[in-house]
1. Rounded to the nearest Å, what's the spacing between the alpha carbon centres of segment 536-602 and segment 510-531? Just the number, please.
2. Could you give the semi-axes, largest first, of the ellipsoid that matches segment 499-566, computed as the square roots of 5 times the alpha carbon gyration tensor eigenvalues and rounded to whole Å?
3. List the trypsin sites (Lys or Arg not before Pro) within segment 60-97 that DSSP assigns to loop and that have no more than 13 neighbouring Cβ atoms inside 10 Å.
4. Of LYS64/LYS227; LYS437/LYS593; LYS340/LYS593; LYS227/LYS508, which pairs sit farther than 30 Å apart, going by alpha carbon to alpha carbon?
5. Quick check: pseudo-label points 7 Å beyond the Cα along Cα→Cβ at MET101 and TYR494, how many nm apart are they?
6. From the backbone phi of segment 472-480, what are the Karplus-calculated ³J(HN,Hα) couplings (6.51 cos²θ - 1.76 cosθ + 1.60, θ = phi - 60°) in whole Hz, Gly and Pro given as x?
7. For the peptides 393-400, 379-386, 491-498, what is the packing order when you average, over each peptide's residues, the other Cβ atoms within 10 Å and list the highest mean first?
8. Give me P(r) over segment 287-348, computed from all C-alpha to C-alpha distances, binned every 5 Å, as integer percentages.
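Every read-out reported here was derived from the displayed coordinates using simple, explicitly stated rules and does not represent laboratory data. Everything numeric in this text was worked out from a predicted model, so none of it was measured. Virtual Cβ from ideal backbone geometry, glycine too; neighbours counted across all protein chains shown.
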Amino acid sequence: MAKRLQYRRLLFLAVLLGAAFAGLGYRLVDLQVLRHEELRLKAAQNTQREIFREPRRGDVLDAKGNLLATSVFVKTVCADPVLVGNRQADVAHVLAPLLQMSESDLGQRLLPRRRQNGTGETATNRYVVLKRKVPVETWEKIQAGMSRLSFGVNEKGLRPSQRLFFRDLRAKAVFADPVDDQQRVYPNQSLAAHVLGFVGMDEREVGGTHVLETSGKEGIEFSLNSKLSGVRGWRVTEKDRRGRELVALRDQDVEPRDGLNVVLTLDSVVQHLVESALAEAMERHTPLSISGIVVRPRTGEILALATLPDFDPNTPGSATPDMRRNRVIADVMEPGSTFKIVVVSGALNDRAVTLADAFDCEHGHFAYAGRVLHDHESYGVLSVQNIITKSSNIGAAKIGIRLGQNRLYDYIREYGFGDRTGIQLPGEVGGILHPTKEWTKVSIAQIPMGHGVAVTRLQMMMAMCAIANRGVLMRPLLMDRFEDREGRVVQKFYPQAVRQILSEPAAKLMVAALKTVVSPDGTAPKAALEHYSVAGKTGTAQKAGAGGYLPGKYVSSFMGFFPAENPELCISIVMDEPKQGYYGGQIAAPVFKQIAERAANYLNIRPDLIDNEPDASNSIATAPDRRPVKSVSARTLTNP
């Protein structure tokens, strides 16, 4: 009986041990086989850390190498409220003046806060961001201030645990995020703001982690964001239980590739000259907006592009969307009399007229297709050259009628109207140009005087540059090259001809006519320069609204180039709804002259007028035999 009881006990113990070993075996299989991948990932998360390494955003420079936009590394200042304990007021008193924040706000951020984590356990926050974009110099002052922090107690008499608390408070309670951030800096504030644009912060998910990255929002910062941004690097490493990196166990370490530097064709000095002159004109005439462009006609290089009102890209949030809009490429307008260069040059190119041909300007009133066209003066018979000199609407209309609507439309398209110019900036529009089948009977008379079409200020500028460049239309060139951090050229951009619109003789005839505009008999004597011959055209266009043309609201402009026979610079000035005058020759031409004189002196442009010799080209020229037009595009002009 006793032996049977012992056997039962042994059997029970054996079964119990077998069950225990079976359970342990199952547990081992579960951990090592069934849940191996899950637990491996959890272990890696506890000991492994992946750090993304942001590349330095490339600089933007002008043609002379002056910085227009750059990036500096900054810190994200954080705190551990647990280590701060009940000393929020002391810490806030040190940090507030350095972070430029209120002590009360900082004190609230430093308070420990309890929350439930994903497993339902209660945890205290140990990471709070106090301020981002803190300069490195400020962070160094914060570290020095925290190390000298005094709490008004005799720490030598405290218990070891209390002394350890104060030591950790000074050394670890306030820290910087290990991943440096960047701050975009525009050293010249609002200079060339509409060209440069600005940046913002976007959140992206990379490898399951949400990261903040700098990205361009407008201007060059936006259109060249991929080039400027560079390529992110990363580091995969091990850490100990205190969160410190174990360098010996670093698994991957990929260096970031910095963004490329962008060198523009802009010249900071010329840009400043333009913006200063625009600001003075803005104060005198208080227009809604004013813009200025400076271009080298032979290459299409843009030396300056500005519009007011402007903004500071360092603080874009303080500007309205209207202030940030680049009106030079994003706004359209009826060009007015500046558009006469299109119809007259086309007629000269087709030999439909010569500069000496005469047209009756009807003493200021011309009835056509049920409409009466007007001139600002009562002109009688004018030559084609004098139609440009006096800016006769009726004369331009009659030249357009002689040229014919199909040829007029062809030339408008050849000059690039109705299409984007291709400038490397976002937001450009192509303007408004209706096909001939949608023209009314009076369109052939209105369009030559700049009504019934809508253009951008840059389109009109490039059309004038084509005449200055012997009839060749150039694509506007804003970028000169990309460089790496060592200054090596990665990509170079060259001038690009779009097509030849006019024969060279026809272009020369247009230059001769445009030179008379700045003569005492022309509409813009205030644009004349003392040492340089100038060719240009005025424009005064009444603004169109929902119910027709708006009384008292005008867009006034002047575009010109110099020296006229061998142009170095072409300058455009446009004002929207100016006050105290509205004729382009009266208010825009003086701004052109101011910029031209200062830019010529700075760029050391050689004068072509000596001792104020009279300009023989003011006399009416006759059209030479037309030479063949050399086309550089698939679309060409043919003789009628």
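1. For segment 536-602 versus segment 510-531, the Cα centre distance is 13 Å.
2. Taking √(5λ) for each eigenvalue gives 28, 17, 9 Å, largest first.
3. The qualifying sites are LYS64.
4. Going by Cα-Cα distance, LYS437/LYS593; LYS227/LYS508 fall outside the 30 Å limit.
5. For the pair MET101/TYR494, the computed spacing is 5.5 nm.
6. Once θ is set to phi - 60°, the couplings for segment 472-480 become 9, 7, 9, 7, x, 10, 10, 9, 9 Hz.
7. Final packing ranking: 393-400, 379-386, 491-498.
8. Calculated P(r), rounded to whole percents: 4, 13, 16, 19, 20, 12, 8, 4, 2, 1, 0.
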